[in-house]
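Single-structure report; data block below.
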Amino acid sequence: MPSLPLSLENVSLSIGGASLIEDVSLTLHHGPRTIILGANGAGKSLILRLSHGLLGPTRGSVRWGGAERLGPLRRRQAMVFQKPIMLRRSTRANAGYGLKIAGMPRSEREARVAQVLERVGLARLAERDARVLSGGEQQKLALARAWALDPEIMFLDEPTANLDPTATAAVEAIVNEIHAGGAKIVMTTQSLSQAKRLADEVIFVHRGRVAEQTPADEFFANPRSAEAAAFLKGELAW
Amino acid sequence: MSEILSAFSIAFDLIVSLDRELIEIIRRTFLVSLSAVAIATLIGLPAGAVLAVVRFPGRRALVILINALMGLPPVVVGLVIYLVLSRSGPLGFMGLMFSPTAMIVAQCVLIVPIVTALSHQVLRELYEEYREQLCSFGATLPQMILTILWDGRRNLVTSVMAGFGRAVAEVGAVLIVGGNIAGVTRVMTTTIALETSKGDLALALALGMILVVTAIALNASAFLVGDAAPARQGG
Ligand SMILES: Nc1ncnc2c1ncn2[C@@H]1O[C@H](COP(=O)(O)OP(=O)(O)OP(=O)(O)O)[C@@H](O)[C@H]1O
Ligand SMILES: [Mg+2]
């Protein structure tokens with residue numbers, strides 16, 4: 001059973017008394033590349049975590065293909081975190097760890113890992129301890145590790161935040177390749193130009209609420225919400 | 001003064017000549033404490049990992065209790081094991097009293113809390129770091145536990161060494177349940193206590209020196225193992 005469509009229904013999240021996400025409803029369908037936009041602290045990362053089932057909502061519900069429990073479906077999703085989590089292992093072992101957890105036999109795993117490391121330009125560093133890689137290299141490794149899983153939904157939390165322009169272009173190309181391979185892309189970014197390049201639809205988040213979910217062309221030409229309009233003009237107050 | 005000096009010189013002679021009694025005591029000391037630490041490791045590491053990963057009611061209370069038990073006074077542990085193993089005790093029928101096995105049991109009771117609490121500390125930190133990524137992979141609880149045990153192995157060595165250090169250096173518990181019987185249950189610490197009280201300083205000094213060297217070597221290697229981990233890189 002697939003985990004799409006993925007829907008958040010009146011989801012609220014409070015942690016330690018602070019209300020962080022308030023009454024968010026949205027549905028993610030197979031197909032369009034969804035870009036989540038919003039200022040720092042708006043709640044983008046939290047919405048990704050809720051959608052990936054890493055956090056449970058305080059109120060409301062999250063459904064994956066209708067099911068309220070993610071269970072084994074989670075193995076059909078992958079996430080690239082905003083701060084990459086590097087296991088105390090080599091680059092190669094990190095890249096293959098998700099596959100190992102999923103029970104893929106070593107021989108298959110090795111081929112797949114070699115392929116993704118090559119594609120993100122880390123083949124040369126395969127034996128190095130992942131924790132001494134540079135920030136940008138760690139981000140590429142996190143992408144390779146998620147990509148290796150060949151997921152049905154790929155969540156990407158600002159995957160190019162630390163990357164140089166060449167690497168950014170390479171990562172965008174990879175995101176498109178993953179999308180072309182049939183995966184659903186759900187990605188956050190701070191860069192409007194990147195959003196314009198990649199988005200098929202935009203979800204705009206402001207202070208823990210979804211201000212709008214709009215097709216990309218329309219969003220950039222004519223946003224529906226005042227907050228998004230202000231954000232696009234670079235005038236959004238914190 | 002000259003008495004002490006001559007004791008030192010006899011002590012050196014004992015060590016250099018690999019005196020039979022000395023070697024036998026050292027061998028038994030290591031046998032007992034290494035057995036105790038091996039069993040404590042088999043119990044303590046998995047227990048520390050489970051406490052780090054699995055949420056269950058009473059977990060916090062259990063962690064606090066185990067941390068508190070790190071400070072168990074050895075003589076009291078000895079006394080309790082004595083009561084359990086003595087002829088009229090619940091396990092008296094096993095006839096373990098005054099045997100090396102009883103000493104292993106006593107040291108085990110003493111250091112299981114140490115190995116558990118220290119490894120829990122290490123593994124808890126590592127789990128906090130890894131948690132979201134492992135959840136994202138859809139890792140099962142056993143997979144998470146194995147992952148943190150393996151990735152935390154360097155720091156776990158330090159926890160195990162701390163347990164061993166405590167076991168070899170401890171006197172009270174093994175004295176009570178072992179009885180310090182020559183050729184059977186005499187270990188370095190109990191021999192030092194006995195020989196010193198008899199005023200026979202040479203053997204005590206020789207064993208004392210070896211005990212000190214063991215302790216220093218343990219701590220130095222624990223430091224080196226921890227230090228060999230590559231520096232964490234911000235990113
Ligand atoms: N575990 C937590 N406990 C308390 N507050 C939290 C927690 N996680 C997030 N927050 C708060 O929730 C808000 C939204 O956080 P989130 O990480 O989703 O922001 P974001 O939109 O991803 O921002 P950025 O663009 O800076 O990454 C922030 O104000 C943050 O401080
Ligand atoms: Mg974020």
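The values are calculated or read from the model by the stated rules, or taken from the named source; none is laboratory data. Just so it is clear, the structure is predicted and the values come from calculations on it, not from any experiment. Backbone-built Cβ (ideal geometry, glycine too); neighbour counts: all protein chains shown.
In table form, for the structure just shown:
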quantity: A:R88 of a type in the set (K, R), more than 23 Å from A:E177 (Cα to Cα) and either assigned to a loop (DSSP other than H, G, I, E, B) or free of Cβ contacts under 8 Å to residues at least 60 places away in the same chain (or both); calculated: yes
quantity: Any pair with Cβ under 8 angstrom, 6 or more apart, that starts in region B:164-180 at a residue that is within 13 Å of B:G78 (Cα to Cα) and ends at one that is among the polar types (S, T, N, Q) and surrounded by fewer than 20 Cβ atoms within 10 Å (Cβ to Cβ); calculated: B:G178/B:S99
quantity: Verdict on A:E137 being out of contact with any Leu (no Cβ under 9 Å at 6 or more places or on another chain) and not in a loop (DSSP other than H, G, I, E, B); calculated: no
quantity: Within region A:84-129, tally of residues that are of a type outside the set (A, V, I, L, M) and crowded, with 17+ Cβ neighbours inside 10 Å; calculated: 14
quantity: Residue satisfying all of: in region A:68-83; part of a loop (DSSP other than H, G, I, E, B) and within 8 Å of chain B (Cβ to nearest Cβ); surrounded by the fewest Cβ atoms within 10 Å (Cβ to Cβ) among these; calculated: A:K83
quantity: From the options A:L20, A:L8, residue that is away from ligand 2 (no atom under 13 Å from the Cβ) and either more than 22 Å from A:A67 (Cα to Cα) or in contact with a helix residue (DSSP H, G or I) (Cβ under 7 Å, 6 or more places away or on another chain) (or both); calculated: A:L8
quantity: Filter result for A:S19 (among the hydroxyl-bearing types (S, T, Y), more than 19 Å from A:T188 (Cβ to Cβ) and either in contact with a Pro (Cβ under 8 Å, 6 or more places away or on another chain) or within 8 Å of ligand 1 (Cβ to nearest atom) (or both)); calculated: no
quantity: Where a residue in region A:38-67 is within 14 Å of chain B (Cβ to nearest Cβ) and without any contact (Cβ under 8 Å) to a residue 60 or more places away in the chain and its partner, wherever it lies, is within 13 Å of ligand 1 (Cβ to nearest atom) and of a type in the set (D, E, K, R), with Cβ under 7 Å and at least six apart; calculated: A:L54/B:E132; A:L55/A:R49
quantity: Per-region count, region B:92-127, residues over 30 Å from B:G183 (Cβ atoms) and not aliphatic (A, V, I, L, M); calculated: 8
quantity: Matching helices (runs of 4 or more DSSP H) fully within region B:107-212 where at least 3 residues are more than 14 Å from chain A (Cβ to nearest Cβ); calculated: B:153-169, B:172-178, B:188-198
quantity: Close pairs from region A:208-224: first in contact (Cβ under 8 Å) with a residue 24 or more places away in the chain, partner part of a loop (DSSP other than H, G, I, E, B) and crowded, with 20+ Cβ neighbours inside 10 Å, Cβ under 6 Å, at least 6 apart; calculated: A:G208/A:G43; A:A216/A:A199
quantity: Residues satisfying the stated conditions in region A:160-191, i.e. touching a Phe, Trp or Tyr at 6+ places or on another chain (Cβ under 8 Å) and either surrounded by fewer than 16 Cβ atoms within 10 Å (Cβ to Cβ) or touching a residue at least 40 places away in the same chain (Cβ under 8 Å) (or both); calculated: A:I174, A:V186, A:M187
quantity: Complete set of residues in region A:1-20 that are within 22 Å of B:Q133 (Cβ to Cβ) and either crowded, with 22+ Cβ neighbours inside 10 Å or in contact (Cβ under 8 Å) with a residue 24 or more places away in the chain (or both); calculated: A:S3, A:L6, A:L13, A:L20
quantity: Test: residue in region A:132-152 that is within 15 Å of ligand 1 (Cβ to nearest atom), crowded, with 21+ Cβ neighbours inside 10 Å and closer than 19 Å to A:A39 by Cα; calculated: no
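Residue-by-condition table, conditions (1) at pLDDT 95 or above; (2) farther than 28 Å from A:E227 by Cα; (3) within 16 Å of ligand 2 (Cβ to nearest atom):
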{"site": "A:L37", "(1), (2), (3)": "yes, no, yes"}
{"site": "A:W64", "(1), (2), (3)": "no, yes, no"}
{"site": "A:P72", "(1), (2), (3)": "no, yes, no"}
{"site": "A:A93", "(1), (2), (3)": "yes, yes, no"}
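Quick grid of which residues meet (1) away from ligand 1 (no atom under 14 Å from the Cβ); (2) more than 14 Å from chain B (Cβ to nearest Cβ); (3) in contact with a Pro (Cβ under 9 Å, 6 or more places away or on another chain):
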| site | (1), (2), (3) |
| --- | --- |
| A:L156 | no, no, no |
| A:N176 | yes, yes, no |
| A:V186 | no, no, no |
| A:A199 | yes, yes, yes |
| A:I203 | no, yes, no |
| A:A211 | no, yes, yes |
| A:T214 | yes, yes, yes |
| A:F219 | yes, yes, no |
